[in-house]
1. Return the pair list, or none, for Cβ contacts closer than 7 Å from residues in region 71-89 that are without any contact (Cβ under 8 Å) to a residue 60 or more places away in the chain and at negative phi to residues that are assigned to a helix (DSSP H, G or I) and among the β-branched types (Val, Ile, Thr), at least 6 apart or on different chains.
2. State all residues of region 73-93 that are charged (D, E, K, R) and under 12 Å from the mean Cα position of the chain (by Cα); if no residue qualifies, say none.
3. Against the conditions (1) in a helix (DSSP H, G or I); (2) at pLDDT below 85, where does Pro103 fall short? Just the number, please.
4. Can you work out which of the residues in region 1-44 that are under 30 Å from Gln94 (Cα atoms) and modelled with pLDDT under 90 is surrounded by the most Cβ atoms within 10 Å (Cβ to Cβ)?
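The values are calculated or read from the model by the stated rules, or taken from the named source; none is laboratory data. Values in this document were obtained by computation on a predicted structure and should not be read as measured data. A quick note on method: Cβ atoms are made from the backbone with ideal geometry, for glycine too, and the neighbour counts reach across all protein chains shown.
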Amino acid sequence: MGSEMDQATTGVRQNPGQYHPGQSGNPLGPHAVVKERVDELVAAMAADLGELTGIDSVVLRQAARLLVRAERTKNPDIAVRASNAASRMLATLQRKRHKRGRPPLREQLAEAEPVG
């Protein structure tokens, strides 16, 4: 009981490896590590995709979150599902990127020669 009294007055724990309930060993918390990894993936993938619209940015960030979840989970089913969903989202962004280089369909049809 005396050690609790000393800890309360000095602010120093007797066992520095033990944390109180609700106190994290990582002062930034586990979410900071995940957010940092998501930001890293978004930056890397955004460089490959080029200019993104607002919606594209949201889709890219969600794909990165899914990839981080797949990296961190111990459940193989969740890992496969998350990585497949991220892959489909990224494929959609890739297709949109390739379409941006083409003129709109209306212009393509106007330039096409009439058949017959």
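1. Met89/Val59
2. Step one: list which residues in region 73-93 are charged (D, E, K, R), which gives 74, 77, 81, 88.
Residues satisfying the conditions do not exist here.
3. Of everything listed in (1) in a helix (DSSP H, G or I); (2) at pLDDT below 85, Pro103 misses just condition (1).
4. So in region 1-44, the residues under 30 Å from Gln94 (Cα atoms) come out as 31-44.
Within this subset, residues satisfying the condition of being modelled with pLDDT under 90 are 31-34.
Details: His31: 10, Ala32: 11, Val33: 13, Val34: 15.
The selected residue is Val34.
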